[in-house]
Amino acid sequence: MGKTKEHSKVIKDKIVEGHKETLSKELGLPVSTVGSIIRKWKAYGTIVNIPQPGQPFKVSSRAESRLVQRVKADPRATRRELWEDLMVVGTLVSINTISNILHRNGLHSRRARKVPLLSKHHVKACLKFAHDHLEESEADWFKVLWSDETKIEVFGADHTRGVW
C-alpha cells in the first residue's frame, strides 16, 4: 500500500538530520514513517518524491473530461462511438481503455430499464377506443385481426442497451 499523507520538505529535512524515535515523538509521526523517509534519503539521496514507473496515460486529461461530458450528455453512447470520437481527434486507444477511463470517473455500464413507449396521447387514444367499442358484440370481435402475436421491432434489434 502506498502512503496516504505527504509531509512537507521541512519535516523531511528534520527527519534526515535526527534520530528515529526522538523525531517521531517530537514531530508526532509514527516511527515507521520516520524510518521510511530516512531509508529513502539513504537510497536515493533525496527526500523529494521520485517519479513512479509506468507508461504515461495516452488520453490527455482534457480528452478524458470530454469523454465524461459526452457520456453524461448521452448515457446511451456505446464504447465504440466514444472510441470513434477519440479517433477523430487523433488519439488511438483500445475500447477497454475507454471503459477504464469511465470507471475511473465513477461511470459504470448498466442495463437500461425497460419502460413502455406510451405517451399521454397514446393512453387517451386507447381509452377512447375502449369506450367507443364497449357495446360491440362478440361476433364483431371475431372479425378483428389480432396482431399481438406478431413481433414488430420498431427501434432495431431486440436486446437491452447499456447506459452509463
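The values are calculated or read from the model by the stated rules, or taken from the named source; none is laboratory data. Since the structure is predicted, the reported quantities are computational estimates derived from the model, not experimental observations. No Cβ is skipped: glycine too gets one built from the backbone with ideal geometry, and neighbour counts run over all protein chains shown.
Annotations
- Residues satisfying the stated conditions in the stretch 93-102, i.e. assigned to a helix (DSSP H, G or I) and of a type outside the set (Ser, Thr, Tyr): 95, 96, 98, 100, 101, 102
- Breaking point among (1) over 17 Å from the mean Cα position of the chain (by Cα); (2) in contact (Cβ under 8 Å) with a residue 12 or more places away in the chain; (3) within 30 Å of residue 162 (Cα to Cα), for residue 9: (3)
- Number of the exception - residue 82 against (1) under 30 Å from the mean Cα position of the chain (by Cα); (2) of a type outside the set (Gly, Ala, Ser); (3) in a loop (DSSP other than H, G, I, E, B): (3)
- Check on residue 71, surrounded by 15 or more Cβ atoms within 10 Å (Cβ to Cβ) and out of contact with any His (no Cβ under 9 Å at 6 or more places or on another chain): yes
- Of the residues making up the stretch 53-79, those that are assigned to a loop (DSSP other than H, G, I, E, B), among the charged types (D, E, K, R) and within 20 Å of residue 163 (Cβ to Cβ) number 2.
- Every pair of residues 6+ apart whose Cβ atoms lie under 6 Å, when the first sits in the stretch 62-80 and is of a type in the set (D, E, K, R) while the second is buried (at least 17 other Cβ atoms within 10 Å of the Cβ) and not in a loop (DSSP other than H, G, I, E, B): 64/101; 79/98
- Scan of the stretch 27-42 for residues that are of a type in the set (Val, Ile, Thr) and either modelled with pLDDT of 85 or more or surrounded by 15 or more Cβ atoms within 10 Å (Cβ to Cβ) (or both), ordered by number: 33, 34, 37, 38
- Among the residues of the stretch 103-112, at least one is part of a helix (DSSP H, G or I), in the same structural domain as residue 65 (by TED's automatic domain parsing) and modelled with pLDDT of 90 or more.
- Residue ID - modelled with the highest pLDDT, chosen from residues in the stretch 127-150 that are surrounded by fewer than 10 Cβ atoms within 10 Å (Cβ to Cβ) and within 48 Å of the chain's Cα centre (by Cα): 130
- Just one of the numbered conditions (1) of a type in the set (Gly, Ala, Ser); (2) in a loop (DSSP other than H, G, I, E, B); (3) modelled with pLDDT of 90 or more is not true of residue 90: (3).
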